[in-house]
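The structure appears below as C-alpha cells.
The values are calculated or read from the model by the stated rules, or taken from the named source; none is laboratory data. Just so we're clear, the structure is a prediction, and the values are computed from it rather than from any experiment. Every residue, glycine among them, receives a Cβ derived from its backbone with ideal geometry; neighbour counts consider all protein chains shown.
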Amino acid sequence: MAQGKILLKPGTLWTSVKERTEHALQCGALLSIPTEFEFVEQEGVRFLVRILSNLNRKKAAKEKQEKQSATFGEEFNPFLPYEEDLFVADISETHVCILNKFNVVDYHLLIITRAFEEQESLLTLEDFTAMWACLADFDGLAFYNSGKTAGASQRHKHLQLVPLPLAPSGPQIPIEPLLTAAQFQESIPSAASATPTVGFPNAIPKLPFVHAFAPLNPHWVRSPFAGAQATLEVYHTLLHSVGSGAYNLLATREWMLIVPRSQEHFQSISVNSLGFAGALLVRNPAEMEILKAQGPMTILKSVAVC
C-alpha cells in the first residue's frame with residue numbers, strides 16, 4: 001500500500017494539544033481522573049505508582065458503553081465517530097489525534113486509525129508514520145497495548161502518546177536506568193541510514209521476564225516516512241524474537257521495548273504498557289498495599305512471560 005501524505009503541520013501539535021485540552025475541560029468533554037502518587041522502589045527502579053481518587057466518571061462511561069452495545073447488538077466504538085471536542089489534529093490520511101477522555105496523565109493523546117482496525121492487529125507502516133510525525137513535534141513516550149490481555153480497553157486500533165517526563169523527579173521514564181545496561185549482539189543497517197543503527201539485545205539484565213529491546217535513531221524525526229520504514233523493520237524483528245501473542249510496546253525517539261503478556265491482571269491490579277515503563281496505577285488503598293507487599297517488579301513479572 002502506498003503511503004499517504006502527512007497532514008500534520010510541523011511545529012503545531014503541542015500548541016493544539018494545550019488549546020484543545022483547555023477547550024475540552026471547559027465544555028466537559030475531557031473528564032480527567034484525579035490521582036495521588038508515591039514512589040515504590042524495587043530492583044533498582046523507582047516506580048511511580050498513582051492511586052486513583054475517583055473512578056465514578058469512568059465507571060459511568062463504561063456502563064453507558066455496555067448499555068449501547070446491548071441496545072445495538074454490537075460492541076460500542078467510541079472512536080467511530082470520535083467526539084469532536086476531543087479532536088486535536090489530523091495526522092495523516094489514515095490517522096487522527098484525539099485527547100484521551102479519561103486521562104490520568106496530563107496531555108495524554110490517542111493516535112487512532114480513521115477506519116476500524118482491530119487492536120490486536122499488527123502495527124503498520126502507516127501507524128509508525130503517524131507515531132513519528134507526533135514524536136517530531138514533542139518528546140514523548142508512545143505505547144501500544146496489543147489486545148485485552150495487554151491492557152487494551154477498546155478494540156479500535158490506537159497507539160497512545162504521553163509527554164515526558166513521566167515522573168516529577170528522577171529519570172524521565174522510571175525504567176530507563178535498566179535499559180541503559182542492555183547489551184547488543186550485533187547491528188544492522190536501517191532503511192533510513194547507511195550506517196548500522198539497529199541493535200538487538202542479549203538481555204537487559206534486571207528485567208526478569210521475556211522482552212526485546214533495540215535503540216532507535218532520534219534523527220528519524222526529521223523524516224517520519226523513512227523513520228517509519230526503519231521502525232517497522234525493528235518492530236518485526238523484535239516481535240519475531242519474543243514469539244506470537246499479546247504484548248506491550250513502548251517507544252521513544254531513542255528506543256523500543258516489546259514485552260509479551262500472559263495475563264492482564266495481577267490479582268485486581270490491571271497492567272498496561274505504562275507499567276513496563278515503571279508507571280503503575282492502582283484503584284484504591286487496598287491495591288496499593290498489595291503492590292507494596294508484592295513489589296512492582298514482581299507484579300510485572302507475574303503478568304509478563306517468564
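For region 117-139, name all the residues that are surrounded by fewer than 23 Cβ atoms within 10 Å (Cβ to Cβ) and either over 15 Å from Ser92 (Cα atoms) or under 14 Å from the mean Cα position of the chain (by Cα) (or both).
Glu117, Glu118, Gln119, Glu120, Ser121, Leu122, Leu123, Phe138, Asp139
Scan Leu274, Leu291, Leu216 and give me the residue that is surrounded by 21 or more Cβ atoms within 10 Å (Cβ to Cβ), more than 20 Å from Pro171 (Cα to Cα) and in contact (Cβ under 8 Å) with a residue 12 or more places away in the chain.
Leu291
In region 259-271, which residue that is of a type in the set (S, T, N, Q) and without any contact (Cβ under 8 Å) to a residue 60 or more places away in the chain is farthest from Phe37 (Cα to Cα)?
Here the residue is Gln267.
For region 153-169: of the residues being buried (at least 21 other Cβ atoms within 10 Å of the Cβ) and more than 10 Å from the chain's Cα centre (by Cα), which is farthest from Leu280 (Cα to Cα)?
In this case the residue turns out to be Lys157.
For the subset of region 41-69 comprising residues that are modelled with pLDDT of 80 or more and charged (D, E, K, R), which member is farthest from His108 (Cα to Cα)?
The qualifying residue farthest from His108 (Cα to Cα) is Glu43.
Considering only region 70-85, I want to know if a residue exists there that is in contact with a Ser or Thr (Cβ under 7 Å, 6 or more places away or on another chain), modelled with pLDDT of 95 or more and farther than 20 Å from Val162 by Cβ.
Checked against the condition, which is being in contact with a Ser or Thr (Cβ under 7 Å, 6 or more places away or on another chain), modelled with pLDDT of 95 or more and farther than 20 Å from Val162 by Cβ, region 70-85 yields no hits at all.
For region 101-108, indicate whether the set of residues that are polar (S, T, N, Q), within 28 Å of Val49 (Cβ to Cβ) and surrounded by fewer than 22 Cβ atoms within 10 Å (Cβ to Cβ) is non-empty.
Yes.
From the list Glu22, Glu38, which residue is within 28 Å of Pro296 (Cα to Cα) and either assigned to a strand (DSSP E or B) or at pLDDT 90 or above (or both)?
Going through Glu22, Glu38 in turn, the sole match is Glu38.
Yes or no: region 258-271 includes at least one residue that is within 13 Å of the chain's Cα centre (by Cα), farther than 21 Å from Ala182 by Cβ and modelled with pLDDT of 95 or more.
yes
Looking at the structure I just gave you, is Gly140 closer than 20 Å to Thr113 by Cα, at pLDDT 90 or above and among the small types (Gly, Ala, Ser)?
yes
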